[in-house]
Amino acid sequence: MYRFRTRRVGQLSTHTFNIKFYQGKKPCMIVPYRFLNIYQKVRNVQYGPCYSPVEILVHDKEPSTIYVSAKLKYDLCLNRNVPVHVEINGDNCKFLLSLGVFIAGFEQEPHTLGERTPIFEKMSKSGEQMGFHTIFFGHQHLNQNGTNLNGYQFIDEKWIQTPTKLPSIIYNRIPNRQTEHHPDIIKAKKLIQHHAFLFNQGFFNKWEVHESLIKNPDCSFLLPETVLHPSKQRILSLLNKHPVYIKPIHGSKGDGIIKCLLLKSGELECHYYLNDKPQVNRYRYVESFFSQHFPNGLKGYVAQQGISLFKKGKSPIDFRVHVNKNHKNSWEVTLICAKFAGKGSLTTHVKRGGKLLVLSELFSKEEEKKVSDRLTKMALLVASCLEITKPSVGEIGLDFGIDLEGRIWLFEANSKPGYSVFEHPLIAKQMEEILSFPYKYAFYLFNTRQNK
């Protein structure tokens, strides 16, 4: 049984109650009589993303219990198996929740949480709007058995380190594959998963994504021709039909990609990066190319068909679409933007000099709606297909292309889409709304797990 608690913070009053439900067709909440003075002004109640008007009544039974009507229970998606932590602020009442965000890259002031600190501040504020306390932590902040941590919360515009219990839902935002494969991170993830539910468990493997989609007739038509661990002969065969992109299966953000095309002269032209600078080489002998770039063979790589993309001016364009799970466990498209390749760049990644534009900067209103509707339909389709083999993923970043004939192609799916899209001022205005979706999905997971 949970112990009754009450505390005051500034103008806020916070209490913890056990909760019971009763049959009632109106949205009512019955509180202990001793709290009448605090609760009598309450007119609205919120639980996560759910709101309802409420009528407050009083009882003189158990002093640590509130009674909630069936109508209010339904409106708020409340769960009978958990106590509620209630915060009162004027005529508003919030049932509080906690979300842990597992990250890396901590630094000293002013950016306590590393280069992503401003993003996490916005995220925390977005969660606060829904009654979430957000605790950001790294592997070093967990105690030995993983039940408690000493993480950071953003309170009153300041980062404060506070000891807390490990929240029951954890959002994995480890920034890259190299960090995620570090022994300390692997150990911490095992501890977390023993005591809590971790969503976005890891990065996608390009070939596993391809395999799960190519076997699904609902999605397979979106995929370019792709070969795992290609032989030299297979790459040459592909080059006789179209340009080829060679990519590491565990790569991200354009790292390790080489674009190859066969010239009329018979030479092989290759575009790649060396120390983050774009390079172009031509090889009279194909064997020289393989010896320079793949001396140990092509295991761990995929070769993918190059597509002649739709262009604006001289620049080919692809499209980034973000899909997120909501509080009903349904996918929603939260962001669509276009990406131009930078000068001399073989990809559209922003870190490689690519440029972001929103659709309204590229198309008329009519064209914008057509493109947006088509990409939305395909993104929701792909997310639904991927979910079959990759459960507990709360967000996916999808890279689409549209070829010269108007056909849509899927190039990549990423389980932890980057934050560079927020560098665009119009997208930055949507940041708090977009960053609210991890909390909505966490709300769903919290209720689902508590029902088990």
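Among the lysines of the range 127-250, pairs at least eight places apart or on separate chains and with Cα atoms under 17 Å apart come to 6. Label zone of K26 (point 7 Å out along Cα→Cβ, amide N under 11 Å): in the range 49-78 this covers 54-57. Neighbour counts of other Cβ atoms within 10 Å put C77, C270, C260 in the fewest-to-most order C77, C270, C260.
Helix 437-450 and the longest principal axis of the Cα set of the chain meet at an angle near 60°. For the set K94/K122; K369/K429; K73/K377; K277/K311; K73/K325, the pairs lying more than 26 angstrom apart at their alpha carbons are K73/K377. With contacts defined as alpha carbon pairs under 8 Å and 6 or more residues apart, what's the relative contact order of the range 298-452 in percent? The value is 26 percent.
Taking all C-alpha pairs of the range 293-452, those more than 27 Å from each other amount to 30 percent.
Projected label points at N79 and N281, each 7 Å from Cα along the beta carbon direction, are separated by 5.5 nanometres.
Apply the a/c threshold of 1.5 to the C-alpha gyration tensor of the chain and tell me whether it is rounded, prolate or oblate. The shape class here is prolate. Qualifying chymotrypsin sites (Phe, Trp or Tyr not before Pro) in the range 52-133, where qualification requires a DSSP coil assignment and no more than 16 other C-beta atoms within 10 Å, comprise F106.
Here the residues Y171, Y439, ranked from fewest to most Cβ neighbours within 10 Å of their Cβ, fall in the order Y171, Y439. Counting beta carbons within 10 Å around each of K125, K25 and listing the fewest first gives the order K25, K125.
For the range 135-220, the relative contact order works out to 23 percent when only alpha carbon pairs closer than 8 Å and six or more residues apart are counted. Bridge orientation summary for the chain: considering DSSP beta bridges with both residues in this region, about 75 percent are antiparallel.
Sites counted here are GluC sites (Glu not before Pro) in a DSSP loop (not H, G, I, E or B) having no more than 16 other Cβ atoms within 10 Å; the longest part of the chain that contains none of them is 268-404. The spacing between the range 93-113 and the range 172-249, judged by their C-alpha centroids, is 28 Å.
Computed over the chain, relative contact order equals 13 percent, with contacts defined as Cα pairs under 8 Å that lie 6+ residues apart. In terms of its C-alpha gyration tensor, the range 402-449 comes out oblate, because a/c is 1.5 or above while a/b does not outweigh b/c. Relative to one another, the C-alpha centroids of the range 323-341 and the range 404-422 are positioned 11 Å apart.
We did not get these values from a lab; they are worked out from the coordinates using the rules stated. Quick caveat, the model's predicted, so the values are computed rather than measured. Methodologically, a virtual Cβ is constructed for each residue, glycine included, from the backbone with ideal geometry; neighbour enumeration extends over all protein chains shown.
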